[in-house]
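Contents: one structure, followed by commentary.
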Amino acid sequence: AISSLKREGIMPHDFEKIINREYKDIESDDELTKTAKARLIKQRNKNQELVTIYEAYQKALRSRLRYDFDDMIALVVEAFKNQELLLREYQERLHYFLVDEYQDTNTSQNMVVEMLASFWGEDANLFVVGDPNQSIYRFQGASIENTLNFVQKFPRAKIITLDTGYRSTQIIYDAAHSLISHNQLTGEDSAKNLHKAVTKKLSSKLTKGDKITRALLPSQTLELVYIAEEIKKLLKEKVKHENI
């Protein structure tokens, strides 16, 4: 839970403010049933306990002169927020920004980039590479909103679409396109060009490829067994290892 909060750029004092704001009227809210009210109070108390643990954890880290993995970004965000001179020094030093795998960035990571680039406003030299259709790491804090909001924050950004694929056969790209084209990434007018760009069909530089087969298996272990057995079959048929 602490890791998730840090990835969202939320320190203990921020979390406490959020709790106070979200739960301030539950005792006096007559529209809530007794059960709903009891559930919300329990949830509030649990979150307040988390604030206490979060604060104690941060104090324990500092007393040992340590920081955890998420602090490497979270502490930078906190320092930039509270020390304007420090932020200005880095803004003057860093003029060009390149972010790869932008769809996997979490809120804290994106805040560092945006704070550094904010000195230049819409004229920032900011180049990001990413695909919101590949934003599948929400459980690790990745935020698809970063990609979708990029074109709104930087409306003059040029969108460059990579439409040639070198990793898969055309059949796989066609199948992926037929699924991805159903995605509704956003309804915002300013992001329509982004949606159009990222749903463009890829043309493969490889051969057309075999038909796709689907295997439905009851567990992850059996999925692994199935893959291993399929590889064994292909090797018996003299298929080269590098082509599997």
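The values are calculated or read from the model by the stated rules, or taken from the named source; none is laboratory data. Quick caveat: nothing in here was measured; it's all calculated off a predicted structure. Cβ coordinates were reconstructed from backbone atoms using ideal geometry, including for glycine residues, and neighbour counts include every protein chain displayed. Note: areas computed on protein heavy atoms with side chains; ligands, DNA, RNA excluded. Shrake-Rupley method; radii C 1.70, N 1.55, O 1.52, S 1.80 Å.
Pairs linking a residue in segment 62-79 that is under 19 Å from A117 (Cβ atoms) to a residue that is part of a helix (DSSP H, G or I) and of a type in the set (V, I, T), with Cβ atoms under 7 Å and 6 or more positions apart or on different chains, are I73/V112; V76/V112; V77/V112. Would you confirm whether or not segment 36-50 contains a residue that is open to solvent by less than 70 Å² (accessible area, probe 1.4 Å), in contact (Cβ under 8 Å) with a residue 24 or more places away in the chain, in contact with a helix residue (DSSP H, G or I) (Cβ under 8 Å, 6 or more places away or on another chain) and of a type outside the set (K, R)? Looking through segment 36-50, at least one residue is open to solvent by less than 70 Å² (accessible area, probe 1.4 Å), in contact (Cβ under 8 Å) with a residue 24 or more places away in the chain, in contact with a helix residue (DSSP H, G or I) (Cβ under 8 Å, 6 or more places away or on another chain) and of a type outside the set (K, R). Scanning segment 148-174 for residues that are aromatic (F, W, Y) and over 14 Å from G209 (Cα atoms) gives F150, F154. Each residue in segment 1-35 was checked for being farther than 27 Å from I144 by Cα, open to solvent by 60 Å² or more (accessible area, probe 1.4 Å) and assigned to a loop (DSSP other than H, G, I, E, B), and 7 pass. For segment 188-210, the candidate set comprises residues that are surrounded by 12 or more Cβ atoms within 10 Å (Cβ to Cβ) and assigned to a helix (DSSP H, G or I); within that set, the residue that is modelled with the lowest pLDDT is S190.
Taking the conditions (1) at pLDDT 80 or above; (2) of a type in the set (V, I, T); (3) open to solvent by less than 50 Å² (accessible area, probe 1.4 Å) in turn, T164 satisfies each one other than (3). Which members of segment 213-233 meet the condition of being exposed (fewer than 11 other Cβ atoms within 10 Å of the Cβ) and within 23 Å of T169 (Cα to Cα)? Listed by number, the residues that qualify are T213, R214, A215, L216, A228, E229, K232, K233. The number of residues in segment 151-160 being open to solvent by 50 Å² or more (accessible area, probe 1.4 Å) and either within 18 Å of H177 (Cα to Cα) or not in a helix (DSSP H, G or I) (or both) comes to 5. Exactly one residue among A60, A56, A38 is at pLDDT below 90 and outside any loop (DSSP other than H, G, I, E, B), and that residue is A38. Determine whether segment 106-118 contains at least one residue that is outside any helix (DSSP H, G or I) and either open to solvent by less than 40 Å² (accessible area, probe 1.4 Å) or among the acidic types (D, E) (or both). Yes. Working only within segment 119-132, note down all residues that are open to solvent by 40 Å² or more (accessible area, probe 1.4 Å), farther than 13 Å from I159 by Cβ and not in a helix (DSSP H, G or I). Within segment 119-132, N125 is the sole residue that qualifies. Taking the numbered list (1) hydrophobic (A, V, I, L, M, F, W, C); (2) buried (at least 16 other Cβ atoms within 10 Å of the Cβ); (3) in contact with a strand residue (DSSP E or B) (Cβ under 9 Å, 6 or more places away or on another chain) in turn, L98 passes all entries but (2).
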